[in-house]
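Okay, structure first, notes after.
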Amino acid sequence: MALRFALVIEPAASDDPRTDFDDTFRAIDPSAPALSVGELSTQRGDGIFESIGVVDGHPQETQAHLERLAHSAAICDLPAPHLEQWRRAVEIAATHAPQRGEGVVKLILSRGVEHGPAPTAWATAAAAADNTVAREQGIRVVTLDRGYGIDTPAKAPWLLLGAKTLSYAVNMAAIREAHRRGADDAVFVTSDGFVLEAPTASLIVRIDGRFVTPAPNGGILHGTTQLSLFAHLASEGFETGYATLPTRSLKDADAAWLVSSVRLAAPITAIDGMDVPVDAGLTASINRYLLSPRD
Ligand code: PLP
């Protein structure tokens, strides 16, 4: 989707005492060139980002996204973001997303320009792609080996596995591979047989009536949509939890979903060619919840 709005942010130090940050923002033409050729985000994918769903002008779960931005920054040794400054950037950008229907605000914090003094940061707003088909008709997924073991994230923190970095080339390649295998999306698994996440979404499975998602113990992102949905399901009396899920346990799922901020909940209809039951009523109610204003 074409960008509707772009805001360059002059990142404030996390302990900056100001309460008004409006003079640290500069709206620019979203279709005009804006980045220096020395930008490390473009040269190396060296930066982090967040994609925030916007429904009828309301940015969803801003706090959870800002906390994850700070978490990613810490993992990547980037300067800690000033959360109030970024919250204001989200607020401004969201007013340029569609005020009826769905949009997306993206936040980017880059290492900056090579040999330059400071990180670069910007926010954009756009309309969201139409995800109705995935939400209503579901998606087929294949499991793909992520190429490391369940204990790799702890042993090799320089792989930045729990950070939402800009380096999504591998994630996009996995989705292309899934398409080559006749599926719509992928679910990454470890080489030693444990379930991780999808390239752009969290996986939730229901086994014996319990909603389970892989524990975010360093190897995967902690999904803001999954967090919000688990709180909602728990408030409705459902049992939810984190687990180290063996890949072979996927065959026991009596329902499964990929969930993320913009796609929301897409029910999985098949895993590696094996049918998975779809709970259409529950999926519709989950998506109604995810489309309601959430903070
Ligand atoms: N895991 C990965 C790798 C993702 O890219 C995303 C979202 O883009 C998610 C999980 C889900 O996160 P959220 O629900 O915060 O969108």
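Throughout, read-outs are computed from the coordinates displayed, never taken from laboratory work. Everything numeric in this text was worked out from a predicted model, so none of it was measured. Methodologically, a virtual Cβ is constructed for each residue, glycine included, from the backbone with ideal geometry; neighbour enumeration extends over all protein chains shown.
Approximating the spin labels as points 7 Å out from Cα along Cα→Cβ, the Asp20-to-Gln137 distance works out to 5.2 nm. Taking the average, over residues, of other Cβ atoms within 10 Å as the packing measure, peptides 256-262, 82-88, 238-244 rank 256-262, 82-88, 238-244 from highest down. Over the chain, the alpha carbon radius of gyration divided by the compact-protein estimate 2.2 N^0.38 Å works out to 1.00. Remark: the Cα gyration tensor places segment 179-278 in the rounded category, a/c being less than 1.5. Grab the beta carbon distance between Asp145 and Ala215, set R0 = 25 Å, and tell me the FRET efficiency rounded to 0.05. Taking R0 as 25 Å, the efficiency between Asp145 and Ala215 is 0.85.
Dividing the mean sequence gap of close Cα pairs (under 8 Å, 6+ apart) by how many residues the chain holds gives a relative contact order of 19 percent. The order of the peptides 5-13, 275-283, 49-57, 27-35 by mean Cβ neighbours within 10 Å, most packed first, is 49-57, 5-13, 275-283, 27-35.
As a rough guide to protection, the peptides 183-189, 211-217 ranked by mean Cβ packing within 10 Å, highest first, stand as 183-189, 211-217. A convex hull fitted around the alpha carbon atoms of segment 4-129 yields 106 Å³ per residue. Between the amide H of Val187 and those of Val142, Thr143, Leu144, distances stay under 5 Å, these residues lying 5 or more places away or on another chain, with hydrogens modeled in the peptide plane. Kirkwood hydrodynamic radius computed over segment 141-235 comes to 14.1 Å, based on all pairs of distinct alpha carbons. Distance between Cα centroids, segment 265-291 to segment 149-202: provide it in whole Å. Cα centres, segment 265-291 to segment 149-202: 21 Å.
Using only the alpha-carbon atoms of segment 77-220 as identical scatterers, what base-10 log of I(q)/I(0) does the Debye formula give at q = 0.09 Å⁻¹? So the normalised log intensities work out to -0.39.
Taking a Cβ cut-off of under 14 Å around Leu233, the surrounding Lys, Arg, Asp and Glu residues balance to a net charge of +1, with basic ones at +1 and acidic ones at -1. The length gained by stretching the chain between His179 and Gln63 to full extension, at 0.36 nm per residue less their Cα-Cα distance, is 38.4 nm. Return the FRET efficiency for the residue pair Ala284, Val170: r is the Cβ-Cβ distance, R0 is 45 Å, and the value is rounded to the nearest 0.05. Efficiency at R0 = 45 Å is approximately 0.85.
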